[in-house]
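Below is one structure, written out as structure tokens; the observations come after it.
Quick note: the coordinates plus some simple rules give every number you see, no bench work behind them. Just so we're clear, the structure is a prediction, and the values are computed from it rather than from any experiment. We place every Cβ from the backbone using ideal geometry, glycine too, and count neighbours over all the protein chains shown.
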Amino acid sequence: MTISVIGAGYVGLVTSAVFSDLGNKVYCVDNDIKKIRLLKKGKIPFFEPMLADYIKRGIFKKRLIFTSLYKQAIPKSQVVLICVGTPPKNNGEANLSYLFSAVKEAAKNFTGYTLITIKSTIPIGFEDDLEKTAKKFATAQFEFASSPEFLREGTAIEDTLHPARIVIGTTSKKAQKILLELHAPISGQRIICDMRSAQLIKYASNAILATKVSFSNALAVLCEKAGADIEKVLEGVGSDKRIGRSFLYPGIGYGGSCLPKDILACIAISENFDYDFNLLRAVDAINQGQILRFVNKIRFVLEAEETSGKNLAGKKLAILGLSFKPHTDDIRDAPSIKIINHLTDLGAEITVYDPQAMENTKRILPNIKYAKDVYGALDGKDALILITEWPQFQELDLTRVKRSLKSPIIIDGRNMFDIDRVKQLGFKYVGIGR
Ligand SMILES: NC(=O)c1ccc[n+]([C@@H]2O[C@H](COP(=O)([O-])OP(=O)(O)OC[C@H]3O[C@@H](n4cnc5c(N)ncnc54)[C@H](O)[C@@H]3O)[C@@H](O)[C@H]2O)c1
């Protein structure tokens, strides 16, 4: 099949790479000309495991074409997959300007029946507006469908090839048939439904994941107060198959480009339909509270909580991990940024290390120090603060860590270190809920 993918971001690029590898001819369209120039040379604008190989293979086999021109791509495509960003506006609602602009540009170039399939996460209630926009500019027949994306950064290729489900949101039999055929080589349960239900499946999935994280964090507070160990509690809770262990983890809260914005958007969508989704308000409030709670933990351990103002002045802190989770360089809505801003406001001197996310971070935090390696970051510091649980941090030589630090203090925002071992080695250790 010949298809167009609009938006060469995390979702669009991975989608283009996988569908071209499965034998389709894919036009990947982005209005960022610089990005397209880079991609044409086989260079990836962000870090995602395995993606570069797929892209190079697609270009080499001439099945993957990058362009900024809709007119080069759309007329030849039976399906247009829209993967542009839907970032939050100040009031939490999703900003749909990129989506409408993409639909308009695509519609101008339809030459025969075209199925516009929205993979971006978009709120329900805009189906009529999308239809009207396309009608205004199209001279050929078209239909809309929704097929939300569930990939996770860091395992995006694997997730796209082996998803738990493929949601096909359209009541048109013709559109269903086309999307079933396009996805035929990909495993996973097929959920066929209307557009609104498809969009809500995406929001509800992220909402429940975020709820599990916030539930774990709330429980961790109770554990700290009551003298219980959250890790043991969650091991016990998660071993029940009805509950499961995934996303039951305490830490500094969820971040990234999806969960925070999708929770806010889900609250806003509910309001538009006259429903107060107060459960999700609590999920968001707990998540936001985790940042300050963690900063206060750092102050407490460093005995800097009593005085007001810049009470971390003179403290040199090593931050390990910047990306919102391991195996990505994405720092969108990453807890690290908020924590570092709090700590520098309190006067601390910050040195950071992350295996992938330092270049992105330098653009928004140019005034902190960036170490060349982990031990360089730790050298002479008052504490190690673990923010992102990259596997290489788990393999650190803790004796060398202790030698490198000025004071043997670990503040573990992800409960990554083995508590017994670090204590045995003489570290002062503070985790979450234990
Ligand atoms: N990143 C994820 O892990 C993930 C997972 C599932 C779903 N989603 C959803 O998928 C959507 C895309 O997310 P992303 O992280 O890939 O976004 P992104 O910001 O990484 O990429 C969006 C791309 O779209 C391009 N773009 C914007 N307007 C355009 C236009 N009119 N024409 C052509 N290109 C245009 C931008 O230049 C950018 O390259 C969002 O709705 C997001 O919520 C993201």
Compute, for the stretch 288-430, the length of the dipole vector about the Cα centre, with Cβ point charges of +1 (Lys, Arg) and -1 (Asp, Glu) only. Units Debye, rounded to 20.
260
Each residue of the stretch 157-167 in turn: what ³J(HN,Hα) in whole Hz from Karplus with 6.51, -1.76, 1.60 and θ = phi - 60°, glycine and Pro shown as x?
5, 4, 5, 6, 7, 10, x, 5, 8, 10, 9
In debye to the nearest 20, how big a dipole does the chain give about its Cα centre with +1 on each Lys and Arg Cβ and -1 on each Asp and Glu Cβ?
1280
Rounded to 0.05, the calculated FRET efficiency for the beta carbons of residue 392 and residue 97 at R₀ = 35 Å is 0.35
Return a single number: how many Lys pairs in the stretch 202-286, at a sequence separation of 8 or more or on separate chains, have alpha-carbon atoms below 19 angstrom apart.
6
So, R0 is 56 Å and r is the distance between the beta-carbons of residue 349 and residue 173; what FRET efficiency does that work out to, to 0.05?
0.30
Backbone HN-Hα couplings from phi across the stretch 42-49 [Karplus 6.51/-1.76/1.60, Hz, Gly and Pro as x]:
x, 9, 9, x, 8, 8, 8, x
Which whole-number percent gives the relative contact order of the stretch 308-366, counting Cα pairs below 8 Å spaced six or more residues apart?
46
Using mean Cβ contacts within 10 Å as the protection proxy, how do 211-224, 369-382 order, highest first?
211-224, 369-382
Kindly point out which whole DSSP H helices in the chain project their C-alpha atoms 27 angstrom or further along the helix axis while averaging a Kyte-Doolittle hydropathy of 1.6 or above.
none
Choice from 140, 318, 268 showing the highest fluctuation, given a GNM over the chain with Cα pairs closer than 10 Å:
140
FRET efficiency for residue 53 and residue 359, using Cβ-Cβ distance with R0 set to 25 Å, rounded to 0.05:
0.75
Cβ crowding within 10 Å averaged over residues, with 161-171, 71-81 ranked highest first
71-81, 161-171
Going by the alpha-carbon gyration tensor, a ≥ b ≥ c the square roots of its eigenvalues, is the stretch 180-288 rounded (a/c under 1.5) or, if a/c is not under 1.5, prolate (a/b greater than b/c) versus oblate?
oblate
Tell me the net charge near residue 4. Cut-off is 14 Å between Cβ atoms, residue 4 excluded, with +1 for each Lys or Arg and -1 for each Asp or Glu.
+4
Taking a ≥ b ≥ c as the square roots of the eigenvalues of the Cα gyration tensor of the stretch 2-193, is the shape rounded (a/c under 1.5), prolate (a/b larger than b/c) or oblate?
rounded
Order 87-98, 20-31 from most to least packed using the mean count of other Cβ atoms within 10 Å.
20-31, 87-98
Nitroxide proxy distance, nm - points 7 Å out along Cα→Cβ at residue 191 and residue 128:
2.6
Which one of 426, 336, 322 has its Cα pushed farthest toward the positive end of the charge dipole of the stretch 286-434, where Lys and Arg give +1 and Asp and Glu give -1 at the Cβ?
426
Expected unfolding gain across residue 423-residue 243 under the 0.36 nm per residue rule, minus the alpha-carbon gap, is 61.6 nm
Pseudo-spin-label distance residue 205 to residue 379, built 7 Å along Cα→Cβ, given in nm, is 4.5
Net dipole in debye of the stretch 217-350 [+1 Lys, Arg Cβ; -1 Asp, Glu Cβ; about Cα centre; nearest 20]
280
Figure the gain on full extension for residue 341 and residue 313 (residue separation times 0.36 nm, minus the Cα-Cα span) and round it to one decimal in nm.
8.7 nm
Restraint check, 41/136; 35/135; 56/119; 310/423; 35/108, Cα-Cα greater than 27 Å
41/136; 35/135; 310/423
Just list whichever of 315/428; 25/71; 25/104; 25/362 have alpha carbons separated by over 27 Å in the model shown.
25/362
Which net charge results when you count Lys and Arg as +1 and Asp and Glu as -1 among the other residues whose beta-carbon is under 11 Å from that of residue 360?
-1
Run the helix sum for the chain: -39,500 (n - 2.57) per DSSP H stretch of 4+ residues, divided by residue count, reported at 222 nm to the nearest 500 deg cm²/dmol.
-13500 deg cm²/dmol
If you take the square roots of the eigenvalues of the alpha-carbon gyration tensor of the stretch 288-430 and sort them as a ≥ b ≥ c, do you get rounded (a/c under 1.5), prolate (a/b over b/c) or oblate?
rounded
Can you give me the long-range amide H partners of residue 146? Hydrogens built in the peptide plane at 1.01 Å from N, cutoff under 5 Å, separation of 5 or more residues or another chain.
118, 169, 170
